[in-house]
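K.L.:
Questions regarding the structure given below will be posed in turn.
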Amino acid sequence: MDLIIPFKVGDFAESKSFVVGFRGAWFRSKINDMRVTECGHLEYYLEYTDYTEEAHEWIEVFQKNPFNPASQKKESSTSSQIMLRPPFPKWYRGDQVPEHFSKSELIASVRRTWKVGDCVDWHCSDCYWTGKIVKLISDDVVEVVLVEPPIGEGGPPHQVNPKDLRPALDWSIIEGWTVPLSAIKLDLLSIFVDNFIVYLFMVSGKWETLV
């Protein structure tokens, strides 16, 4: 099956990297150019919108994680990862969702306050780090641990302000935005698509969908 890459020059996106120190982080970016290399690899020329002093760079759209030994074996079935995704959808608490929004707009809604075990993206150093809440300290402080290597940087817990968190979502070319399989304690998260609401909820240890 041929996959249609839904990005074009001029689009905004989020990008990730396998560079040590930045694994598991998402960067807001703009696509300024694209090319196919002599080896047949698709590349985009990215501008990092929150790092205005950083040089623009070409990134290969599909890459294997060099820190995952399994993905480096020639016979490995571990697939390459797409290094870009669309801008993160607008998200709200359940009682804050607007009554009307653009038909083409996608909105995510979290139905309650943060709890231990929630998968989140933490806004720090002008990018978003994927992790999990491990402790609630106060209304203004929670502890978050980053995803462990080789996917993320891991390390000790970080004390963060809940206002700097957003729900962690996965994105793929085929399925679009989905709730991570590891987000088993979100209880209920809804995604609005074209003015319809799609509820994701937990049943017998797995996510089910109710439209």
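The values are calculated or read from the model by the stated rules, or taken from the named source; none is laboratory data. All of these numbers come straight from a predicted model, not from anything done at the bench. Positions of Cβ are generated from backbone atoms using ideal geometry, with glycine treated the same way; all protein chains shown enter the neighbour counts.
K.L.:
For the stretch 131-173, what are the residues that are surrounded by fewer than 17 Cβ atoms within 10 Å (Cβ to Cβ), of a type in the set (Asp, Glu) and farther than 29 Å from Ile82 by Cβ?
P.N.:
Asp139, Asp140
K.L.:
Go through the residues of the stretch 17-40 one by one and say whether even a single one is under 19 Å from Ser172 (Cβ atoms) and among the polar types (S, T, N, Q).
P.N.:
yes
K.L.:
Suppose we keep only residues that are among the aliphatic types (A, V, I, L, M) and within 21 Å of the chain's Cα centre (by Cα) within the stretch 43-67. Which one would you say is farthest from Glu153 (Cα to Cα)?
P.N.:
Leu46
K.L.:
Scan the stretch 111-129 and report the pairs whose first residue is assigned to a loop (DSSP other than H, G, I, E, B) and whose second residue is modelled with pLDDT under 90 and of a type in the set (D, E, K, R), with Cβ atoms within less than 7 Å and a gap of 6+ or a chain change.
P.N.:
So the pair list comes out as Arg111/Asp187; Arg112/Asp187; Lys115/Lys185; Gly117/Lys185; Asp118/Lys185.
K.L.:
Can we say Ile174 is at pLDDT below 95, in a strand (DSSP E or B) and either in the same structural domain as Val20 (by TED's automatic domain parsing) or not acidic (Asp, Glu) (or both)?
P.N.:
For Ile174, the condition - at pLDDT below 95, in a strand (DSSP E or B) and either in the same structural domain as Val20 (by TED's automatic domain parsing) or not acidic (Asp, Glu) (or both) - is not met.
K.L.:
Would the stretch 17-33 turn up any residue that is outside the structural domain of Cys119 (by TED's automatic domain parsing), in a loop (DSSP other than H, G, I, E, B) and farther than 27 Å from Pro150 by Cβ?
P.N.:
No, the stretch 17-33 contains no residue that is outside the structural domain of Cys119 (by TED's automatic domain parsing), in a loop (DSSP other than H, G, I, E, B) and farther than 27 Å from Pro150 by Cβ.
K.L.:
Modelled with pLDDT of 95 or more, at negative phi and of a type in the set (D, E, K, R) - does that describe any residue in the stretch 149-167?
P.N.:
Yes: the stretch 149-167 contains one or more residues that are modelled with pLDDT of 95 or more, at negative phi and of a type in the set (D, E, K, R).
K.L.:
Let me ask something else about it. I'm trying to understand the selection: among the residues of the stretch 36-50, which are surrounded by 10 or more Cβ atoms within 10 Å (Cβ to Cβ) and more than 17 Å from Ile82 (Cβ to Cβ)?
P.N.:
The answer is Glu47, Tyr48, Thr49, Asp50.
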